[in-house]
1. Report P(r) for the chain: all Cα-Cα distances, bin width 10 Å, range 0 to the bin holding the largest distance, values in whole percent.
2. Check each of the trypsin sites (Lys or Arg not before Pro) in the stretch 19-111 and keep only those in coil by DSSP with at most 16 other C-beta atoms within 10 angstrom; list them in order.
3. How long are the three semi-axes of the equivalent ellipsoid for the stretch 4-141, computed from the Cα gyration tensor as the root of 5 times each eigenvalue, in whole Å, largest first?
4. Are there GluC sites (Glu not before Pro) in the stretch 216-265 that DSSP puts in a loop and that have at most 16 other Cβ atoms within 10 Å, and which ones?
5. Bin by bin, in steps of 10 Å, what percent of the Cα pairs in the stretch 101-254 do you find, going until the bin that has the longest distance?
6. Would you work out which of Val188, His40, Tyr228 lies farthest towards the positive end of the dipole of the chain, given +1 charges on the beta-carbon of Lys and Arg and -1 on that of Asp and Glu, about the Cα centre?
7. Restricting the calculation to Cα positions, tell me the Rg (one decimal) and the Dmax (whole number) of the stretch 173-282 in Å.
8. Among Tyr86, Tyr165, Tyr228, which one shows the biggest mean-square fluctuation in a GNM of the chain, springs joining Cα atoms closer than 10 Å?
Amino acid sequence: MTSPSSSVQEARKALGKRMAEIRLGAGLTKRALASILGWHESKASRFESGTRAPSERDLRMWCSACGAEGEIEDLISTARGIEGMYVEWRKMERHGLKWAQESVLPLWERTQRFRIYSPWLIPGPVQTASYISALLTSLRDRRGLLIDDVPTAVQVRVDKQKIVYGNHTFAILLEESALRYRIGGTDVMAGQLGYLLSAMALPAVSIGIIPQNADRSTLWPVEGFFLYDDETVNAELVSAHLTVIQRHELAMYAQTFSELAELAVYGSAAREIITSAIESLG
């Protein structure tokens, strides 16, 4: 996997290439365009190389000078998407956990096929309210959030789960270790694992468990991620929320998911592992 910074940089290069094509289509050199706009030529060069992110005002000026006003809104939309690819948690959660939970609702609602891999936690679509509460309380305390809205944030996430009963499919892969980490204490974890067994019976949900004794010589655990159709990947880092939209990177995540799926067990074999995790809670 490429780093978050390289993912953003590649997207900026693609935007810069489009800007260069618009300039060339207008028959302008970088020097001529910069002169029209009252910029130093190096500013135009940095935009086209992707080393500097253009503001919305820069994009409007660029397109207007090139007689390409019809391109303005599309370029601005692209630039906003790039800006949102790597968002620090402190920025995303500055209005509280409820707002952060609500921010992904449009993406969830328009996605038909979810592919989810989690090495550490039971993922959102199949979490219990108690498990969610334990997770969000921990995040509130660990990140020192000033707004304490855990109960309302929990309700938003619980409400989001209605999607598993809609016109969507969920392929969920869990490392066995995700069943063993005791989030919220023994009772909360027992309830969560019990619910996971129930969720396996939902027609839209497929759950695979990668056993701890699986041969990982060719593919070891990677960062957890959500793959929404073939359009977007979200991954949670320690410091930030990462969104991947580059086609070749999406293909890497899809391929990784397929390879991880081959390591997993399903049906009765998966239920046996979950039941063993419940029994280990003692």
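Derivation of every value follows stated rules applied to the coordinates shown; laboratory data play no part. Here the structure is a predicted model, which is why all the values come from computation and not from measurement. Neighbour counts run over all protein chains shown; Cβ positions are idealised from the backbone, glycine included.
1. Once binned at 10 Å, the Cα pair distances of the chain give 6, 24, 28, 20, 12, 7, 2, 0.
2. Sites meeting the loop and neighbour criteria: Arg52, Arg94.
3. For the stretch 4-141, the ellipsoid semi-axes come out as 41, 15, 13 Å.
4. Glu223, Glu231
5. 10, 38, 40, 12, 0
6. Of the options given, the answer is His40.
7. 15.2, 46
8. In the Gaussian network model the winner is Tyr165.
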